[in-house]
Amino acid sequence: MNESNHMHDENCNHDHDDHHGHVHDEDCDHGEFEAVAVSTVMTPDVFCATANTTLVEIAQLMRDNDCGAIPIIDSPESMFPIGIVTDRDITVRIVAENRNPVELTARDAMSEGVVTITPDADLDECLDLMEENQLRRIIVVDDDGAVVGLVAQADIVEWASEDEIGELLEEISEDSTDR
């Protein structure tokens, strides 16, 4: 386990694909964000869980740590992200479908196909990824692909002008999956 990350439930051995979504849209420029590194705005030391973690434990992590998303990793050793569970995922995919969250795990609620970014990438690239993939959050990984943080819309707001905030929220919110 990476000492800078928090981990919950160590019983997971899933194979994984490399889902590093490093895409940059040359037509989409956020100007001032090119000089700001993702590491400057990200939330470091995020709590992670494996796919076998119960949804009750996921919800408790969210409550206890005042967060709305928990990255799901393949194992505590690699810390490689395989998905993410948001409070909305639990509500929409589980509770609204009349499924009992007490009987289910992160695997049942998580969004897969993780888009990631590295801490040294510029915030402009991060914004492009959020817009292109209609994401509210992006998992930050180190050069080995291990989770080191998370960037959420709220993290970016303090760096953006009012026009950029409006544009960002509008583009991300179109058909957003709330990941």
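The values are calculated or read from the model by the stated rules, or taken from the named source; none is laboratory data. Just so you know, these numbers come straight off a predicted model, no measurement behind them. Neighbour counts run over all protein chains shown; Cβ positions are idealised from the backbone, glycine included.
Observations on the model:
- Output for region 89-143, where each listed residue is surrounded by fewer than 18 Cβ atoms within 10 Å (Cβ to Cβ), within 15 Å of Gly68 (Cβ to Cβ) and not aliphatic (A, V, I, L, M): Thr91
- Residues located in region 102-150, provided they are farther than 17 Å from Gly83 by Cβ, aliphatic (A, V, I, L, M) and in a loop (DSSP other than H, G, I, E, B): Ala121
- The one condition from (1) buried (at least 20 other Cβ atoms within 10 Å of the Cβ); (2) small (Gly, Ala, Ser); (3) over 18 Å from Met42 (Cα atoms) that Ala69 does not meet is (3).
- Met79 at pLDDT below 95, farther than 17 Å from Asp120 by Cα and either hydrophobic (A, V, I, L, M, F, W, C) or in contact with a Gly (Cβ under 6 Å, 6 or more places away or on another chain) (or both): no
- Candidate set from region 35-64 (those that are closer than 18 Å to Ile138 by Cα and not aliphatic (A, V, I, L, M)); member that is surrounded by the most Cβ atoms within 10 Å (Cβ to Cβ): Cys48
- Residue check, Glu57 without any contact (Cβ under 8 Å) to a residue 12 or more places away in the chain and either farther than 20 Å from Val148 by Cβ or among the hydrophobic types (A, V, I, L, M, F, W, C) (or both): no
- Region 107-125, residues that are over 12 Å from the mean Cα position of the chain (by Cα) and either touching a residue at least 60 places away in the same chain (Cβ under 8 Å) or within 23 Å of Gly166 (Cα to Cα) (or both): Thr118, Pro119, Asp120, Ala121, Asp122, Leu123, Asp124, Glu125
- Considering residues of region 48-67 that are modelled with pLDDT under 95 and not polar (S, T, N, Q) only, the residue nearest to Ala152 (Cα to Cα): Cys67
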